1. Pull out the extension gain between residue 83 and residue 25, defined as 0.36 nm times the separation in residues minus the alpha carbon to alpha carbon distance; nm, one decimal.
2. How large is the helix-only mean residue ellipticity at 222 nm for the chain, computed as the sum of -39500 (n - 2.57) over DSSP H runs with n ≥ 4, divided by its residue count, in deg cm²/dmol to the nearest 500?
3. Which values of log₁₀ I(q)/I(0), to two decimal places, follow from the Debye formula for the chain at q = 0.10 Å⁻¹ with a uniform point scatterer at every Cα?
4. Can you order the peptides 24-35, 82-93, 57-68 by their average number of other Cβ atoms within 10 Å per residue, highest first?
5. Mind giving me the nanometre distance, one decimal, between the label points for residue 11 and residue 35, set 7 Å out from Cα along Cα→Cβ?
């Protein structure tokens, strides 16, 4: 970095780096949580398959949307949360319906 850079620029660079490091940490936690959710979804898929239950449960999904959109937040609208969960649930519904495969850890 240029030594003649204003102190405020140096502070802004450090703040940007700190924010990015926090995001990286959160991303790691999100991946861990998604992996835990995937494990539970696969177990649910096995139960549904063994009992002849359908993968799609519209009442359960409506309950999930109601619960997550009711949570307090400061930066995301209920519509934002619902859109994200709609994508995530669609992905996991697809995972739930697929036969299990061995997953290698990288």
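Where a number appears in this text, it was derived from the coordinates with a stated rule and is not lab data. Because the structure is a prediction, the values reported are computed rather than measured. Ideal geometry is used to build each Cβ from the backbone, glycine not excepted, and the neighbour counts take in all protein chains shown.
1. 18.5 nm
2. Working: 3 runs with 78 residues, N = 106.
It lands at -26000 deg cm²/dmol.
3. Those come out to -0.48, one per q.
4. Working: 24-35: 10.3, 82-93: 14.0, 57-68: 12.0.
Per-residue mean Cβ counts within 10 Å order the peptides as 82-93, 57-68, 24-35.
5. 3.9
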